[in-house]
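Colleague: The structure is given below, and queries will be raised subsequently.
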Amino acid sequence: MKPIHPMLVHFPIALLVFSVSADGAAYVTRIESLGSTGWWTLLGAAISALAAVAAGLFDMYRAHRTGLSEEVHHRVHRHRLVGFALLVAILALAFWRWMLFDGDRSVPMLYLDAAMLTVALAALQGWLGGELVYSDGVFVQSRPACDEVGGSDKEHGDGHGHRH
């Protein structure tokens with residue numbers, strides 16, 4: 001079974017960034033619909049973050065059964081801890097934003113500061129996850145390499161006249 005977590009992580013990140021951008025634009029322009037956009041996209045970020053964390057825990061359990069090295073095991077746990085912190089931050093922002101939603105739809109600068117810190121935490125989390133895949137090869141299947149950079153000198157005999 002392929003990992004599920006990588007398919008889901010893009011949604012909370014994109015929705016969080018879009019939410020903060022919309023709220024920032026609403027703060028500057030005082031356009032009410034941008035404030036509504038900020039709220040609804042943050043709600044989507046919170047829901048999709050719950051799904052991404054659940055899938056991450058499931059995939060982490062499966063990865064541990066494949067025999068990760070001790071060093072990679074520690075990096076997986078760091079990614080998990082930052083993921084929980086990010087989930088809490090997104091849920092806290094959603095609760096705070098929900099409390100603000102009934103009245104004036106623009107948000108205070110303190111909220112925007114906290115939201116931008118949450119985006120920075122999401123960037124850190126994305127980098128940690130990328131390191132697990134691209135540096136440590138977690139859930140990456142190796143493929144046989146070609147003989148040379150450009151392929152091999154063998155013609156494959158199907159008559160279309162080029163070499164592989």
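The values are calculated or read from the model by the stated rules, or taken from the named source; none is laboratory data. Remember, predicted model here, so these are calculated numbers, not experimental data. Here Cβ is always computed from backbone atoms with ideal geometry, including for glycine, and neighbour counts include all displayed protein chains.
Colleague: Assess whether LEU57 counts as being free of Cβ contacts under 8 Å to residues at least 60 places away in the same chain and either farther than 20 Å from GLU131 by Cα or acidic (Asp, Glu) (or both).
Modeller: It is false that LEU57 is free of Cβ contacts under 8 Å to residues at least 60 places away in the same chain and either farther than 20 Å from GLU131 by Cα or acidic (Asp, Glu) (or both).
Colleague: Turning to a different aspect of this structure: If the requirement is being closer than 24 Å to VAL107 by Cα, out of contact with any helix residue (DSSP H, G or I) (no Cβ under 7 Å at 6 or more places or on another chain) and either part of a helix (DSSP H, G or I) or modelled with pLDDT under 95 (or both), which of these qualifies: VAL17, VAL28, VAL72?
Modeller: Of the residues listed, the single one that is closer than 24 Å to VAL107 by Cα, out of contact with any helix residue (DSSP H, G or I) (no Cβ under 7 Å at 6 or more places or on another chain) and either part of a helix (DSSP H, G or I) or modelled with pLDDT under 95 (or both) is VAL28.
Colleague: For ALA63, which of the numbered conditions (1) surrounded by 13 or more Cβ atoms within 10 Å (Cβ to Cβ); (2) in a loop (DSSP other than H, G, I, E, B); (3) modelled with pLDDT under 75 fails to hold?
Modeller: Single failed check for ALA63: (2).
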